[in-house]
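A short worksheet on the structure shown next.
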Amino acid sequence: MRHLREMHSKISEKISGLLKKEPEKLKRVVIELTNLCNLNCPYCLVGMQNEQKSVAHSALNREFGKIDMRLCEKIISDAKDFGISEAMLTFQGEPLLHERFAEVVEMTKKAGMLAVVFTNGMLLDADKARRIIRAGLDSVRFSVDGASEETYQVNRVGGRFSQVFANMRDMSRIAREEKSSVKIIWQFIALRNNEKEIPLARKMAGDIGVEFLVKPFAESIPALAASGTKYKREIKRKPCTDIYEMLCVCWNGDVVPCCYDVSAREIMGNIRDNTLREIWESAKYADFRARVKRARINPAAEPLLCKGCLRWSA
């Protein structure tokens, strides 16, 4: 009997180690203002590398559109009521393609949440930058994967490095003029074709007064991965905890549990029909989280979306 109790205790300890504690509440809502984009980066669709031949943005296999402002207002209101503290105004697509982007920032700030955006920066100009800064944007990341025209145009197809660099420089200057605390970051994804330009990019960022961040590549195209280990992405051990940090709302209101669900395969509900809290607390969402949580104990039941994850591994 004692032997059985000791064995049961060891098994329980092992299972407890596999089942990480769930955070108390969500921190972030990801709002897709649009899934349209002015560029066509060849490695855009992270997570789809095992599903389709191309992972360029043009291969996104769902309907394209822009969010309705009333729907956007409901998402932000629901997020506030749910106690969410941050709105990420980027999912798929280029958020500055939405003509009322500055209004969304204002709406987010009035709700008492942080307003954060990732952008390729090509559509920015001085007037737009000033409006966005005055609206209260807290943080902006410019996705610029090269420090020369030749390299940048290979990675950010359809863009021009000289233009986006000037836009970063102008936004930094305007932020100082407006005495804004907005965090401006040059995000540089480390690839085999650009890793030699990282020191130059870091210096250029310093010259214009913006932060510089090297982001490891999620290897949707392994041949593009940086050659050394210095810039390799750290793979975390399942079970995934990202699903407790955020949820994502597509431009049409569909709610998905992960920013890797670019094709919206795991739709948990639609914000037009229910509140964010109701969707989060639904049986469908609870079942999804349970299957993710037990991925190492019962891998057969793990959601298909998670099986080819480039961030979490068994």
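Listed values, structure above:
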{"quantity": "Number of positions in segment 102-121 that are crowded, with 22+ Cβ neighbours inside 10 Å and not in a strand (DSSP E or B)", "calculated": "5"}
{"quantity": "Strands (runs of 3 or more DSSP E) completely within segment 180-281 that count 1 or more residues being more than 22 Å from residue 34 (Cα to Cα) and open to solvent by less than 40 Å² (accessible area, probe 1.4 Å)", "calculated": "183-190, 211-216"}
{"quantity": "Out of 220, 181, 148, 162, sole residue that is small (Gly, Ala, Ser) and at pLDDT below 95", "calculated": "220"}
{"quantity": "Count of segment 88-101 residues which are open to solvent by 20 Å² or more (accessible area, probe 1.4 Å) and in a helix (DSSP H, G or I)", "calculated": "1"}
{"quantity": "Hits in segment 144-179 - residues which are open to solvent by less than 20 Å² (accessible area, probe 1.4 Å) and touching a Ser or Thr at 6+ places or on another chain (Cβ under 7 Å)", "calculated": "161"}
{"quantity": "Residue within segment 45-56 that is under 28 Å from residue 277 (Cα atoms), modelled with pLDDT of 95 or more and either open to solvent by less than 10 Å² (accessible area, probe 1.4 Å) or touching a Phe, Trp or Tyr at 6+ places or on another chain (Cβ under 7 Å) (or both) present", "calculated": "no"}
{"quantity": "Residue within segment 22-30 that is of a type in the set (Asp, Glu), open to solvent by 10 Å² or more (accessible area, probe 1.4 Å) and at pLDDT below 95 present", "calculated": "yes"}
{"quantity": "Tabulated pairs, segment 189-218, first without any contact (Cβ under 8 Å) to a residue 12 or more places away in the chain and farther than 16 Å from residue 166 by Cα, second open to solvent by less than 50 Å² (accessible area, probe 1.4 Å) and assigned to a loop (DSSP other than H, G, I, E, B), C-beta under 9 angstrom, 6+ apart or interchain", "calculated": "199/147"}
{"quantity": "Residue 297, sole failed condition from (1) touching a Leu at 6+ places or on another chain (Cβ under 8 Å); (2) part of a helix (DSSP H, G or I)", "calculated": "(2)"}
{"quantity": "Segment 283-310 residues that are under 25 Å from residue 218 (Cβ atoms) and open to solvent by less than 40 Å² (accessible area, probe 1.4 Å), paired with ones that are among the charged types (D, E, K, R) and part of a helix (DSSP H, G or I) (beta carbon under 6 Å, 6 or more apart)", "calculated": "301/291; 302/291; 303/291"}
{"quantity": "Test for residue 141: is it among the basic types (Lys, Arg), part of a helix (DSSP H, G or I) and open to solvent by 20 Å² or more (accessible area, probe 1.4 Å)", "calculated": "no"}
{"quantity": "Identity of the residue in segment 57-87, more than 21 Å from residue 113 (Cβ to Cβ) and assigned to a helix (DSSP H, G or I), that ends up least open to solvent (accessible area, probe 1.4 Å)", "calculated": "57"}
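To keep it simple, each residue is scored yes or no on (1) aliphatic (A, V, I, L, M); (2) touching a Pro at 6+ places or on another chain (Cβ under 7 Å); (3) over 25 Å from residue 104 (Cα atoms).
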position: 141; (1), (2), (3): no, no, no
position: 146; (1), (2), (3): no, no, yes
position: 150; (1), (2), (3): no, no, yes
position: 154; (1), (2), (3): yes, no, yes
position: 161; (1), (2), (3): no, no, yes
position: 166; (1), (2), (3): yes, no, no
position: 170; (1), (2), (3): no, no, no
position: 175; (1), (2), (3): yes, no, no
position: 182; (1), (2), (3): yes, no, no
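The values are calculated or read from the model by the stated rules, or taken from the named source; none is laboratory data. Model, not experiment: these values are computed from the prediction. Reconstructed Cβ throughout: ideal geometry from the backbone, glycine too, with neighbour counts over all protein chains shown. All accessible areas refer to the heavy atoms of the entire protein, side chains included, with ligands and DNA or RNA removed. Shrake-Rupley method; radii C 1.70, N 1.55, O 1.52, S 1.80 Å.
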